[in-house]
1. At a 10 angstrom cut-off on C-beta neighbours, averaged per residue, how do the peptides 132-144, 30-42, 265-277 rank from highest to lowest?
2. Give a residue-ordered list of calculated ³J(HN,Hα) values for segment 181-198 (Karplus: 6.51 cos²θ - 1.76 cosθ + 1.60, θ = phi - 60°; whole Hz; x for Gly, Pro).
3. Would you please give the residues with an amide H less than 5 Å from that of Y236, counting only those at least 5 places away or on a separate chain, with H modeled from the backbone geometry?
4. Rounded to the nearest 5, what is the percent of antiparallel bridges among the DSSP beta bridges in the chain?
5. Can you give the calculated 222 nm mean residue ellipticity of the chain, where each DSSP H run of n ≥ 4 adds -39,500 (n - 2.57) and the sum is split over every residue, rounded to the nearest 500 deg cm²/dmol?
6. Which of the DSSP-defined H helices in the chain satisfy a minimum axial length of 30 Å, computed from C-alpha atoms, and a minimum mean Kyte-Doolittle hydropathy of 0.0?
7. About its Cα centre, what dipole magnitude does the chain give when the only charges are +1 on Lys and Arg Cβ and -1 on Asp and Glu Cβ, stated in debye to the nearest 20?
8. Give the order of T5, T130, T190, T254 when sorted by the count of other beta carbons within 10 angstrom, beginning with the fewest.
Amino acid sequence: MGHKTPLFAEHLALNARIVPFGGWDMPLHYGSQIEEHHRVRGEAGMFDVSHMQIVDLEGNGVLAFLRRLIANDPAKLEVPGKALYSCMLNEHGGVIDDLILYFCASDRYRMVVNAATAEKDLAWMRHHSTGFDVEIRPRRDLAMIAVQGPSARSRVVDLIPPGLREPAMALKSFFAAAQGDWFLGRTGYTGEDGFEIICPAGEAPALWKGLLSAGVAPCGLGARDTLRLEAGMNLYGQDMDEDVSPLESGLSWTIAWEPAERNFIGRSALQAQREQGGLRRFVGLLLTGRGVLREHQEVLSGGERAGEVTSGGFAPSLQRSIAFARVARHVGEKCEVLIRGKAVPARVVKPPFVRNGKPRIDL
């Protein structure tokens, strides 16, 4: 038996198929993964993401600590509520986890990390906090619901505290607004507009039921995965991990090289990789033959192994099979993928595949 979120009883009441995920019992779907996917692309869907770890970081030394801890530069965050995406690296440049960091005040930040890596992440942060005036406080007293889709924000507004309604609707992308223990970020993992809503755990069931009444579809892990794949968003443990750097994971944009004197953990290893050259490319694949792309399938170029699929699947919005792959630099616009012993043709494309409900690649 895994951990259960504050919304577990709600999932059972909706006859969700429950599966283990990152040490938690989570809904895979509520009847049809494909229908849930299309509801998010066309209207609004909601996901219980309370399994993810919310961490509050406070103290006079918190900014100095974070500038050492993560590859992006938290000094960029100067306006309360502003967020950035980053990776936390080990000394070899491998990715310990990817995360979102929110600036709350000069001595207070909020971080959201992945469920499966939460304990590892907290241990890493505590180990490296020595010498910094910072308190690291995990918040298991809070729940989180992601509401995503073109009508998501309008369906949320009447269900949040009155004092948050106006600031929430005025939020720009990658900003958050807060009132007490309620915290709304205009962020997500689907390629659609919406909110990620953090609230007290005891208030989450009422919010979930209110969203149901407002016509927001409950969605599980299955739709979350196809949506993020279409949107070109990495999954930790598949597209990057402790043995692969952001430079080979399509995440170079999350590294802040300036100022040069900021010595974040893993910087020297990344610099050495850049100087050595020959780094593998992280690309999108669109299957042009028959089959379904899956992680760990071999990518072939000129009949020779040239890489591997990291994430793959059927894209409901495109009615095609798509994937991410890490490939050798010489791979061109066309390649093949070994599916059940057969080399199937594919095209190399640049993610995202879909954003805001519309294809971003030529089919």
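1. Order by mean packing, descending: 30-42, 132-144, 265-277.
2. 8, 8, 8, 10, x, 7, 9, x, 10, 10, x, 10, 6, x, 10, 10, 9, 9
3. Those qualifying (amide H under 5 Å, at least 5 residues apart or on another chain) number zero.
4. Taking every DSSP beta bridge within the chain, about 95 percent pair in antiparallel fashion.
5. -6000 deg cm²/dmol
6. Span-like helices here: none at all.
7. 960 debye
8. In increasing order of surrounding Cβ atoms, one gets T130, T254, T5, T190.
Any read-out appearing in this document is the output of simple, stated calculations on the displayed coordinates, not a laboratory observation. The shown structure was predicted, so the numbers you read here are calculated from the model rather than taken from an experiment. Reconstructed Cβ throughout: ideal geometry from the backbone, glycine too, with neighbour counts over all protein chains shown.
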